[in-house]
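Below: the structure, in structure tokens.
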Amino acid sequence: SAVISQKPSRDICQRGTSLTIQCQVDSQVTMMFWYRQQPGQSLTLIATANQGSEATYESGFVIDKFPISRPNLTFSTLTVSNMSPEDSSIYLCSVEQDPSGANVLTFGAGSRLTVL
Amino acid sequence: GNSVTQMEGPVTLSEEAFLTINCTYTATGYPSLFWYVQYPGEGLQLLLKATKADDKGSNKGFEATYRKETTSFHLEKGSVQVSDSAVYFCALSPGYSTLTFGKGTMLLVSP
């Protein structure tokens, strides 16, 4: 299965600043997904990123707050803009990789952000 | 909408004890069901899956059976090890790439 590298693995940020998370995959993939895992909560899909087109955002998430880039088939970035303490979460990048078509996702280790 | 409910943790067991983590779901149609595991400091990994009713997914001694009549996908292992300590997530997919996750259940196994 694909190997996903995320940077940074963790960071402490000040309120009002922005941080960009990078996701690198060791193989070409069509779709990349960004999830958020808030403390004590389940994973929530933020957006789906396809190369060459605008990301598709889920209800409750907007491009101004979470701009996403997808410049090629192995890389994507997620920016968390104008951060507040409510943005403290683990952000995970994932890709679909299952030849059987059962929608299996592979995840990166996540980026743990703490906003003060 | 789709939803997944799993038992709250932490679940604390002694080594070699029997494990059950309950998972029930709400979905239209016939979703695929998954268990993912997250070891400390690592990303989520697929543990097992089942794509249709009565399928049994199994891996590393863990098993779960897709029960459509009870909309359940409970995770079981006959004899847990300390190395099984992790957070376990139940999830469903309605047939396209989006996954809906439960809140996760932390398992702590002591020697």
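Screening B:LEU46 against (1) buried (at least 16 other Cβ atoms within 10 Å of the Cβ); (2) more than 10 Å from chain A (Cβ to nearest Cβ); (3) of a type outside the set (D, E, K, R) leaves a single unmet condition, (2). Taking the criterion of being assigned to a loop (DSSP other than H, G, I, E, B) and under 21 Å from A:GLN97 (Cα atoms), the residues of region B:25-66 that qualify are B:TYR30, B:PRO31, B:TYR39, B:GLU42, B:GLY43, B:THR51, B:LYS52, B:ASP55, B:LYS60.
Set side by side, the residues B:THR70, B:THR51, B:THR65 differ, and just one is of a type outside the set (Gly, Ala, Ser), touching a residue at least 24 places away in the same chain (Cβ under 8 Å) and touching a strand residue (DSSP E or B) at 6+ places or on another chain (Cβ under 9 Å), which is B:THR70.
Looking at B:TYR30, is it surrounded by fewer than 17 Cβ atoms within 10 Å (Cβ to Cβ) and within 28 Å of A:THR56 (Cα to Cα)? Taking the combined requirement at face value, the residue satisfies it.
Can you say whether A:ILE90 is assigned to a strand (DSSP E or B) and either more than 11 Å from chain B (Cβ to nearest Cβ) or touching a residue at least 24 places away in the same chain (Cβ under 8 Å) (or both), as far as the supplied structure shows? When the stated conditions are applied, A:ILE90 passes them. Among all positions in region A:32-40, there is no residue which is of a type outside the set (D, E, K, R), more than 13 Å from A:TYR91 (Cβ to Cβ) and surrounded by 12 or more Cβ atoms within 10 Å (Cβ to Cβ).
Scanning region A:2-61 for residues that are without any contact (Cβ under 8 Å) to a residue 60 or more places away in the chain, at positive phi and away from every other protein chain (no Cβ under 14 Å) returns a single hit, A:GLY52.
Checked against the criterion of being more than 11 Å from every other protein chain (Cβ to nearest Cβ), under 21 Å from B:ASN2 (Cα atoms) and within 9 Å of the chain's Cα centre (by Cα), region B:28-35 contains one or more residues that satisfy it. With respect to the conditions (1) farther than 29 Å from A:CYS93 by Cβ; (2) within 10 Å of another protein chain (Cβ to nearest Cβ); (3) among the β-branched types (Val, Ile, Thr), B:THR65 falls short on a single one, namely (2). Being in contact with a strand residue (DSSP E or B) (Cβ under 9 Å, 6 or more places away or on another chain) and over 30 Å from A:LYS7 (Cβ atoms), is that true of even one residue in region B:38-47? Scanning region B:38-47 turns up no residue that is in contact with a strand residue (DSSP E or B) (Cβ under 9 Å, 6 or more places away or on another chain) and over 30 Å from A:LYS7 (Cβ atoms).
The residue that is nearest to B:GLU42 (Cα to Cα), among those in region A:43-68 that are modelled with pLDDT under 95, part of a strand (DSSP E or B) and of a type outside the set (A, V, I, L, M), is A:THR44.
Can you pull out every residue in region B:68-87 that is away from every other protein chain (no Cβ under 12 Å) and crowded, with 16+ Cβ neighbours inside 10 Å? Within region B:68-87, B:THR71, B:SER72, B:PHE73, B:HIS74, B:LEU75, B:LYS77, B:VAL80, B:ASP84, B:SER85, B:ALA86 qualify. Of the residues in region A:76-111, how many are surrounded by fewer than 18 Cβ atoms within 10 Å (Cβ to Cβ) and either among the charged types (D, E, K, R) or within 15 Å of A:GLN28 (Cα to Cα) (or both)? Residues flagged as surrounded by fewer than 18 Cβ atoms within 10 Å (Cβ to Cβ) and either among the charged types (D, E, K, R) or within 15 Å of A:GLN28 (Cα to Cα) (or both) within region A:76-111 amount to 4. Screening the candidates B:LEU75, B:LEU48 for the property of being closer than 28 Å to A:CYS23 by Cα and within 13 Å of the chain's Cα centre (by Cα) yields one hit, B:LEU48. Criterion first (more than 12 Å from chain A (Cβ to nearest Cβ), of a type outside the set (Phe, Trp, Tyr) and either surrounded by 16 or more Cβ atoms within 10 Å (Cβ to Cβ) or touching a residue at least 12 places away in the same chain (Cβ under 8 Å) (or both)) does B:THR5 satisfy it? No.
The values are calculated or read from the model by the stated rules, or taken from the named source; none is laboratory data. Just so you know, these numbers come straight off a predicted model, no measurement behind them. Using ideal geometry, Cβ is built from the backbone for each residue, glycine included, and neighbour counts are taken over all protein chains shown.
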